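J.: The structure is given below, and queries will be raised subsequently.
Every read-out reported here was derived from the displayed coordinates using simple, explicitly stated rules and does not represent laboratory data. Bear in mind the structure is a predicted one, so any value in this text is a computation, not a measurement. Virtual Cβ from ideal backbone geometry, glycine too; neighbours counted across all protein chains shown.
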Amino acid sequence: MYFMLTLIIQSREKLKKLLPEDVESRYAVARAIGLEDIRSSLSRIEDAIACLLKHGQRLMQSWRSTMQSSML
């Protein structure tokens with residue numbers, strides 16, 4: 001049991017040193033835990049929010065124009 005725990009701790013320490021130094025290893029770990037999927041999902045969400053904001057601004061402009069026309 002002690003031997004396994006020691007191996008796990010050593011592996012963690014090696015990984016902590018390796019990730020900042022080795023870009024390939026960092027990307028491999030990111031892929032393994034699904035960070036790329038999360039990143040692409042966030043990007044799609046950001047695009048959708050930007051689209052909603054544009055449509056909201058157009059709707060507000062249209063509403064203001066309608067309100068101004070009805071007051072005349």
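J.: Ordered by residue, what ³J(HN,Hα) values in Hz, to whole numbers, does the stretch 55-66 give under the Karplus form 6.51 cos²θ - 1.76 cosθ + 1.60, where θ = phi - 60° and Gly and Pro are x?
T.: Here the 3J(HN,Hα) series is 5, x, 5, 5, 4, 5, 4, 5, 5, 4, 4, 5 Hz.
J.: Follow-up. Summing -39500 (n - 2.57) over the DSSP H runs of n ≥ 4 in the chain and dividing by its residue number, what mean residue ellipticity at 222 nm do you reach, to the nearest 500 deg cm²/dmol? Before the final figure, lay out each step's value.
T.: Numbers: 3 runs with 67 residues, N = 72.
When only DSSP H runs of four or more count, the value is -32500 deg cm²/dmol.
J.: HN-Hα J couplings of the stretch 44-49 from phi, Karplus 6.51/-1.76/1.60, θ = phi - 60°, integer Hz, Gly and Pro as x?
T.: Per-residue couplings from phi come out as 5, 5, 4, 4, 5, 5 Hz.
J.: Using the Karplus curve 6.51 cos²θ - 1.76 cosθ + 1.60 with θ = phi - 60°, what ³J(HN,Hα) values do you get for each residue of the stretch 20-34, in whole Hz, with x for Gly and Pro?
T.: x, 8, 10, 4, 4, 5, 4, 5, 5, 5, 4, 5, 4, 9, x
J.: Then there is this: Find the eigenvalues of the gyration tensor of the Cα atoms of the stretch 6-71, then list the square roots of 5 times those eigenvalues as equivalent ellipsoid semi-axes, largest first, in whole angstrom.
T.: Working: eigenvalues 549, 17, 15 Å².
Semi-axis lengths for the stretch 6-71 are 52, 9, 9 Å.
J.: Give me the dipole magnitude in Debye, nearest 20, for the chain about the Cα centre, with unit charges on the beta carbon: positive for Lys and Arg, negative for Asp and Glu. Walk me through the numbers before you get to the answer.
T.: Values: 11 positive and 8 negative charges, 46 e Å.
I would put it at about 220 debye.
J.: At 0.36 nm per residue, minus the direct Cα-Cα distance, what do I49 and K16 gain on full extension? Give it in nm, one decimal, please.
T.: On the way: separation 33, 0.36 × 33 = 11.88 nm, distance 3.59 nm.
Net length gain for the segment: 8.3 nm.
J.: Leaving out same-chain residues fewer than 8 places away, which aspartates and glutamates sit with a Cα under 17 Å from that of K14?
T.: Result set, ordered by chain and number: D22, E24.
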